[in-house]
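Just below is one structure, and these are the notes that go with it.
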Amino acid sequence: MLLSRLNEAKVNFDEGNWKHVSNEAKDLVKKMLNLDPRHRISSSNILKHPWITNIDNLPDFKLSIQDGEN
């Protein structure tokens, strides 16, 4: 499901578990999923991303598995 949505560039970050994910985490995921490799975040920049560097400030929230998301 996710891969087909990626090919169509249709990932909704406001539904399901994404509602509980921080904006910094969503930003990183969006940058990692960029279909154009020239604009996709590099591994070295992933390690410098605020969501990675501020890992001690993450909320203690466990996501659930959601089957059948559209």
**Asked** Has region 20-40 got at least one residue that is surrounded by 13 or more Cβ atoms within 10 Å (Cβ to Cβ), modelled with pLDDT of 90 or more, in a loop (DSSP other than H, G, I, E, B) and of a type in the set (Val, Ile, Thr)?
**Response** no
**Asked** Going through region 41-50 one residue at a time, which ones are of a type in the set (A, V, I, L, M, F, W, C) and either in a helix (DSSP H, G or I) or loosely packed, with under 14 Cβ neighbours inside 10 Å (or both)?
**Response** Ile46, Leu47
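The values are calculated or read from the model by the stated rules, or taken from the named source; none is laboratory data. The shown structure was predicted, so the numbers you read here are calculated from the model rather than taken from an experiment. Here Cβ is always computed from backbone atoms with ideal geometry, including for glycine, and neighbour counts include all displayed protein chains.
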